[in-house]
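Q: What follows is a single structure, and I will ask about it in a moment.
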Amino acid sequence: MKHFLTCLVLTCMALTASAQTLWRDAPMQASPAEIRALMPDARETSPTQRSVDPSALLEIPSTSIADETFAVTFHFESERLQRIRLQAQPATRERIQALLKTLQASLRARYGLPISTKTRPGAALGAVDLKWSFRRMTVQLQMVDGKTVELIYAANIPSRPVNL
């Protein structure tokens, strides 16, 4: 009976385990085709953007989050999703602060307290650079250059050793 209960518990745990996901349930290590199937509004980045950042293969030019417009870029390594970068440039300082406050509250509710907070030298008053770690992913919220809000979801998967 003890073995049966142990097997039952382990089976239930295996069935409830899910793949680690990033933003909008995009699975870590997904291929570009899988992301396009999951998010039909995702499209290939321009050749110019890929020449600047070869990992940026897909984008959603405009999506609304917390009443602001974000540009979303999907970054891949070896055709596997590693990072999703969201950027917004709210029109006023008040909207920037409101967006940061809303995102911080949402991220704290979902992931708990941030694991790091940084102050960048020369950063504007009220600068934000917060990082959360959850399972095998990190989430970073930043105010870049005093006017751009950036939210980055990144896979935190150790790379495989070459030629073992």
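The values are calculated or read from the model by the stated rules, or taken from the named source; none is laboratory data. Everything numeric in this text was worked out from a predicted model, so none of it was measured. Neighbour counts run over all protein chains shown; Cβ positions are idealised from the backbone, glycine included.
Q: Of all residues being surrounded by fewer than 12 Cβ atoms within 10 Å (Cβ to Cβ) and more than 19 Å from S62 (Cα to Cα) in segment 90-107, which is farthest from the chain's Cα centre (by Cα)? Just the residue, please.
A: Of everything passing the filter in segment 90-107, E94 is farthest from the chain's Cα centre (by Cα).
Q: Further question on the same structure: Determine, yes or no, whether T63 is modelled with pLDDT under 95 and of a type in the set (V, I, T).
A: no
Q: Considering only segment 90-110, I want to know if a residue exists there that is outside any helix (DSSP H, G or I) and within 26 Å of S133 (Cβ to Cβ). Working first, answer last.
A: Taking segment 90-110 as the starting set, the residues that turn out to be outside any helix (DSSP H, G or I) are 90-92.
After this cut, where a residue has to be within 26 Å of S133 (Cβ to Cβ) as well, the list is none.
The answer is no, given that none of the residues of segment 90-110 is outside any helix (DSSP H, G or I) and within 26 Å of S133 (Cβ to Cβ).
Q: How about segment 33-62: which of its residues are in contact with a Lys or Arg (Cβ under 9 Å, 6 or more places away or on another chain) and either among the polar types (S, T, N, Q) or not in a strand (DSSP E or B) (or both)?
A: If the condition is that a residue be in contact with a Lys or Arg (Cβ under 9 Å, 6 or more places away or on another chain) and either among the polar types (S, T, N, Q) or not in a strand (DSSP E or B) (or both), then R36, L38, M39, A42, S55 are the ones that fit.
Q: I'd like the full set of residues that are exposed (fewer than 15 other Cβ atoms within 10 Å of the Cβ) and touching a residue at least 12 places away in the same chain (Cβ under 8 Å), limited to segment 78-88.
A: Residues of segment 78-88 that are exposed (fewer than 15 other Cβ atoms within 10 Å of the Cβ), as a first pass: 78-79.
The one that is exposed (fewer than 15 other Cβ atoms within 10 Å of the Cβ) and touching a residue at least 12 places away in the same chain (Cβ under 8 Å): E79.
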